[in-house]
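Written out below as structure tokens is the structure these notes cover.
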Amino acid sequence: MDLNDTLGASLSVLPKDLGNLVQGVQTYGLSESFLYYDAVVYDLWLGCADFYGLGLGYGLIATALIARGMFAPVIAYS
């Protein structure tokens, strides 16, 4: 504390409730989750098409089946 602070202005900077401070936990909204899953499925599609040699058509079908299999337990248990 500064001894010259007679009006207590430095006290206004201190947090009054520590629960209101940012805890540092990363949170994601709906749009960030959608963009992440879009990038994952797109990369999976190109990976199936190029790396496994399925081409764009069969790669899309394989990607659709894999993505359906990944999200089926979430849909079934919710």
By the scheme Lys and Arg +1, Asp and Glu -1, what is the net charge of all other residues having a beta-carbon under 14 Å from that of Thr63?
-> -2
Run through all the Cα pairs of the range 39-78 and give the fraction in each 5 Å bin from 0, expressed as whole percent.
-> 6, 28, 26, 17, 11, 8, 3, 0
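Express in nm, to one decimal, how much length is gained between Leu46 and Arg68 on full extension, taking 0.36 nm for each residue of separation and deducting their alpha carbon distance. It would help to have the intermediate numbers written out before the result.
Details: separation 22, 0.36 × 22 = 7.92 nm, distance 1.68 nm.
Here the answer is 6.2 nm.
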Under 15 Å from the Cβ of Trp45, count the other residues' Cβ atoms, weight Lys and Arg +1, Asp and Glu -1, and hand me the total.
-> -2
Want the number for Tyr77 to Gln23: 0.36 nm per residue separation, take away the alpha-carbon distance, what's left?
-> 16.4 nm
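The numbers here are math on the coordinates, done by the rules we state, and not lab data. Worth saying up front: this structure is predicted, and the values here are computed from it rather than measured. So basically every Cβ, Gly included, is an ideal-geometry build from the backbone, and we count neighbours across all protein chains shown.
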